[in-house]
Amino acid sequence: MLATQTADYSVKNIVKSFGGAKALAGVSMSVSAEEVHCLAGENGSGKSTLIKIMSGVHAPDSGLITLAGKEFTHLSPRQAVNEGVQVIFQDFSLLPNLTVAENIALPTNILKSSKFIGKKETKKIAEEALGYIGVDIDINSPLLETSIASKQLIAIARATNLGVKMLFMDEPTTALTRKEVKKLFEVVDQLRKRGVAIVFVSHKIDEIQEICNTITVLRNGEVVAEGLMSKFKAKEIAMAMTGSEIATSRIAPPLSKNSRALLELEKLTSINTFDDVSFSISEGEIIGLTGLLGSGRTELAEAIFGQYPVDAGSIKVDGKEVTLNSPEAALASGIGYVPPDRLTQGLFLEQSILRNIVAVGLDRQRGRWGGVSKSKLAKIGSSWISELRIKTKNPINPVSSLSGGNQQRVVLAKWLSINPKVMILNGPTVGVDVGSKREILEIIRDRAQAGMAFLLVSDDIPELVQICHKVLVIRHGKISKEFSDKQISESAIYKELN
Amino acid sequence: MNELRNRFASSTLLSDRKVTQLMGFTLLVLLIFSYFSSDIFFTPENFTSMAFQIPEVAILSIAVMLSMLTGGIDLSIVATSNLAALLAAYILTKNMSEDGEISNLWILMACLAGILLGLICGGINALLIAVLNITPILATLATLTLFNGIAIGLTNGVSISGLPEQFARIGNGTFFGVPTPFVLMVLIALLVGLIINRSSLGLKIFLIGTNRKAAQYSVMGDKRVIAWTYVISGLLSSFAGLIIASRMSAASPDFGNSYILLAIVIVVLGGVNPMGGFGTVTGVVLATIVLQMVASGFNALRFNQFFYLAAQGGVLVLVMILNVVLENRRRSKSINKSLES
Ligand SMILES: Nc1ncnc2c1ncn2[C@@H]1O[C@H](COP(=O)(O)OP(=O)(O)OP(=O)(O)O)[C@@H](O)[C@H]1O
Ligand SMILES: [Mg+2]
């Protein structure tokens, strides 16, 4: 059992509902200093909601919050900050137009209500904060030009600067590759040793096991398991989250011998990004593509979608040579693309779930006079909501009201509804829970069996192993290794990556 | 049953709530002025005169609304409408007889020429913004100056007046007792409403205004859609120009310069999100009516014109504050309500 008496930060019997739907139904959790506490659960199980309650974003319907010995029935964001609570949300809430230094230092000044601050002072504060967590980032560069991994560390630096005693990290590793995750974990471990209480949310079970000391598992807004991390095996965590056993076996469907090639790349080159890339994907084939950040994998994927310039080489779709200089051209020749960042590239957050699902290929729904019938769109939307089991009470709610994993399904639904010949998926299960991940992989399998060709760009090696016929590793813009069928294994791919 | 409920829920969501709020506001303004000045304000004459003044501003505002829905703005609306009016007026005066007689064909030709010019002006904006990627506010500021300059240059700043009687009769006439411009406005509002709510173009406009990047990744031809909004904006501006010319029996290069700001005020007042993505035609029309009633009410109470300008600004500030205050509560409430259904 957890030592609740010594817990520095805790919640007791928290209830929170949004309208008729209970997001949290009496949740208790405690976290003590020098501990990395895992908050696990399926999509929509209430993790982010709990974090928002402890950081003063939402007020609970009932329950008690204890921060550093002080009790609150609800609290304001300001109070939470004063008690040392900091959250790193997925979108970081950093200011893109300011420099790294300003991003780290400015919020502190606003908090302390000091009006003026010199450039020198700003830099000093930023340097100290980065030094404190032991990372080296150019503080003078504008935030826009820094990588996602750096942004993550900058957000942590800012948090330490604000006097963090309890740090929530809501899915901090979704956009990071293995190498950056390692760096992040070093920083997290340091903070923990310095006495910070850390709550870590992630859907990647191997990461959870690596960094966390204790765990609380939520399902449908209730705590279903808790205890020391060492007491849980990976299978048990997944089991607690979903309530059923999650299979991790390979499910790549058998390929028919005489299937024709749907996508053929021939010496595709984009100077300084990728070089001499050739491969082909045939009907029903699922090809995985992985590589470190900056290896050129996203650029390659976007080049096939006509979104990134190509300098040499050729692309054939279904046997016909095509010039893909725009997404329009790509879509017209039967290529679909699910981009990696759902918040900025995939979704229209404030618009309804329905509108998001039908956003691609609206013109195909055009009737006479160019009109689109609302009921027809509603029908298409509803059928995808049930097919991908998107958890919502009403399809006209804004997408922003969905939990992260359900938002990801909306992006998938948008592209599946078009039924392209070749589907490029860039990180399709980012932020999706283990159970749903398997379901999405099964959807991919079923589509492949029906003849769709897939290019699956992913950091999630277990996922690639489960579903792919072939896995390509890209390194400095070149395909450095190709694994097919029997050669595909997690260890082999990890080895090639490092 | 469920579908019916969904419909009901969707018609009360966010932007449509603003319409309800505006309706209440309109009624309130109406009651206040009727109470204080029933003899001048609450008269058929005053309502008729308002019904003649509202349409031109409303149509210009609808034009601004279209570009604003995509996250842009069109500052050249008045310059375009004046240019279109001047061309039509020029053709009319050139082709009428000494005593002001003109054939209907020439009237039609003059109007078509004005409309064509409006389309061309809109096309230029579309080119600058959609194809050359110039920021809308800068691009249309430039074309505003350009169109205005052309108009002043060609006319030496002198207005063209004394348009043929037959032409003036359109803008000053009535249709079953309702002023013709008002009827035209209703038709235009219905048409634009139909486009933005019931066509793929309209849905795309909302989506692009919400997230341009996601729209690009959703392959909806964002540039083409944005180009269309400016072309339609030019078209609507030319309609407004023709109505004004007909009503005043004149066209002038510097008519209604204050209309640009007024139109922006109206559009924001009407519940269109200045960042794009949300808004309704009904809201914009209602906002025009509110502001016109305030103007005419102040007139009736014999208030100073400057006072009216201040009040106009005051109304805007008031509504913005109201919006901000109510926004969060309304948003969570409407989500909750739809969750329950
Ligand atoms: N602002 C809101 N309005 C309405 N419903 C909400 C709101 N925020 C969350 N919810 C609902 O509350 C439930 C819990 O959501 P929450 O975001 O906490 O899930 P989560 O565990 O963080 O999931 P994920 O792993 O997908 O991020 C979901 O059903 C979600 O739809
Ligand atoms: Mg979440």
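The values are calculated or read from the model by the stated rules, or taken from the named source; none is laboratory data. Small disclaimer: the values here were computed from a predicted structure and weren't measured. As a convention, Cβ positions derive from the backbone with ideal geometry for all residues, glycine included, and neighbour counts pool all protein chains shown.
Just give me the residues in region B:202-215 being touching a Lys or Arg at 6+ places or on another chain (Cβ under 9 Å) and more than 7 Å from chain A (Cβ to nearest Cβ), in sequence order.
Within region B:202-215, B:A215 is the sole residue that qualifies.
Is it the case that region A:351-370 has a residue that's basic (K, R), crowded, with 16+ Cβ neighbours inside 10 Å, assigned to a helix (DSSP H, G or I) and more than 13 Å from ligand 1 (Cβ to nearest atom)?
Within region A:351-370, one or more residues are basic (K, R), crowded, with 16+ Cβ neighbours inside 10 Å, assigned to a helix (DSSP H, G or I) and more than 13 Å from ligand 1 (Cβ to nearest atom).
Which numbered condition trips up A:Q408, out of (1) within 12 Å of ligand 1 (Cβ to nearest atom); (2) within 11 Å of chain B (Cβ to nearest Cβ); (3) crowded, with 20+ Cβ neighbours inside 10 Å?
Failed condition: (2).
Restricting to region A:37-49, name every residue that is within 10 Å of ligand 2 (Cβ to nearest atom), within 15 Å of A:A25 (Cβ to Cβ) and more than 14 Å from every other protein chain (Cβ to nearest Cβ).
Scanning region A:37-49 gives A:G41, A:S45, A:G46, A:K47.
Just to verify a result, which residue in region A:29-68, among those that are within 15 Å of ligand 1 (Cβ to nearest atom) and in contact with a Phe, Trp or Tyr (Cβ under 6 Å, 6 or more places away or on another chain), is nearest to A:K204 (Cα to Cα)?
For region A:29-68, the residue satisfying everything is A:C38.
Just to check your reading of the model, which residue among A:F200, A:F185 is in contact with a strand residue (DSSP E or B) (Cβ under 7 Å, 6 or more places away or on another chain) and among the aromatic types (F, W, Y)?
A:F200
Residues being β-branched (V, I, T), within 7 Å of chain B (Cβ to nearest Cβ) and either under 22 Å from A:E302 (Cα atoms) or in contact (Cβ under 8 Å) with a residue 24 or more places away in the chain (or both): count how many of those fall in region A:337-393.
Residues meeting the conditions: 2.
If only one of A:V196, A:V188, A:V164 is crowded, with 18+ Cβ neighbours inside 10 Å, within 24 Å of the chain's Cα centre (by Cα), at pLDDT 85 or above and more than 16 Å from ligand 2 (Cβ to nearest atom), which one is it?
It is A:V188.
Does A:G26 satisfy being over 29 Å from A:P340 (Cβ atoms) and either at pLDDT 90 or above or within 14 Å of ligand 1 (Cβ to nearest atom) (or both)?
yes
Residues that are of a type in the set (F, W, Y): which strands (runs of 3 or more DSSP E) entirely in region A:431-498 hold 1 or more of them?
A:453-457, A:478-484
If you take the residues of region B:281-310 that are at pLDDT 85 or above and more than 12 Å from the chain's Cα centre (by Cα), which of them is surrounded by the fewest Cβ atoms within 10 Å (Cβ to Cβ)?
B:Q292
May I ask you to verify whether B:I335 is in a helix (DSSP H, G or I) and modelled with pLDDT of 85 or more?
Answer is no for this residue.
Yes or no: region A:423-433 includes at least one residue that is more than 16 Å from ligand 2 (Cβ to nearest atom) and in contact with a Gly (Cβ under 6 Å, 6 or more places away or on another chain).
Within region A:423-433, one or more residues are more than 16 Å from ligand 2 (Cβ to nearest atom) and in contact with a Gly (Cβ under 6 Å, 6 or more places away or on another chain).
Among the residues of region A:471-498, what is the count of those that are touching a Ser or Thr at 6+ places or on another chain (Cβ under 6 Å) and buried (at least 20 other Cβ atoms within 10 Å of the Cβ)?
Within region A:471-498, residues that are touching a Ser or Thr at 6+ places or on another chain (Cβ under 6 Å) and buried (at least 20 other Cβ atoms within 10 Å of the Cβ) number 3.
Quick one: in region A:50-67, which of the residues that are crowded, with 23+ Cβ neighbours inside 10 Å and either assigned to a strand (DSSP E or B) or within 14 Å of another protein chain (Cβ to nearest Cβ) (or both) is farthest from ligand 2 (Cβ to nearest atom)?
A:L67
With the checklist (1) among the aliphatic types (A, V, I, L, M); (2) part of a loop (DSSP other than H, G, I, E, B); (3) closer than 22 Å to A:A261 by Cα in hand, flag the one item A:L425 doesn't pass.
It is condition (2) that A:L425 fails.
What residue, of A:T177, A:T173, is closer than 28 Å to A:T242 by Cβ and buried (at least 21 other Cβ atoms within 10 Å of the Cβ)?
Selected residue: A:T173, the only one of A:T177, A:T173 that is closer than 28 Å to A:T242 by Cβ and buried (at least 21 other Cβ atoms within 10 Å of the Cβ).
For region B:61-114, which residues satisfy the criterion of being surrounded by fewer than 19 Cβ atoms within 10 Å (Cβ to Cβ), in contact (Cβ under 8 Å) with a residue 40 or more places away in the chain and within 11 Å of B:F167 (Cα to Cα)?
Listed by number, the residues that qualify are B:T93, B:G100, B:E101, B:N104.
Out of the helices (runs of 4 or more DSSP H) lying entirely within region B:94-205, which hold 3 or more residues that are over 21 Å from the mean Cα position of the chain (by Cα)?
Here the list reads B:104-126, B:136-155, B:165-172.
Considering region A:320-334 alone, what residues qualify as being more than 7 Å from chain B (Cβ to nearest Cβ) and under 12 Å from B:Y217 (Cα atoms)?
A:S326, A:A330
If you check A:L464 against the conditions, is it touching a residue at least 12 places away in the same chain (Cβ under 8 Å), hydrophobic (A, V, I, L, M, F, W, C), away from ligand 2 (no atom under 16 Å from the Cβ) and on the phi < 0 side of the Ramachandran plot?
Yes; evaluated as a whole, the condition is true for this residue.
Which of (1) exposed (fewer than 14 other Cβ atoms within 10 Å of the Cβ); (2) in a helix (DSSP H, G or I); (3) at pLDDT below 90 is the odd one out, the single condition A:T344 does not satisfy?
Going through (1) exposed (fewer than 14 other Cβ atoms within 10 Å of the Cβ); (2) in a helix (DSSP H, G or I); (3) at pLDDT below 90 one by one, A:T344 breaks only (1).
For region A:393-422, which positions are more than 30 Å from A:K235 (Cβ to Cβ) and within 15 Å of ligand 2 (Cβ to nearest atom)?
A:V399, A:S400, A:S401 - these are the residues of region A:393-422 that are more than 30 Å from A:K235 (Cβ to Cβ) and within 15 Å of ligand 2 (Cβ to nearest atom).
For region A:307-333, enumerate the residues that are closer than 19 Å to A:L416 by Cα and assigned to a loop (DSSP other than H, G, I, E, B).
Answer for region A:307-333, where residues must be closer than 19 Å to A:L416 by Cα and assigned to a loop (DSSP other than H, G, I, E, B): A:D318, A:S333.
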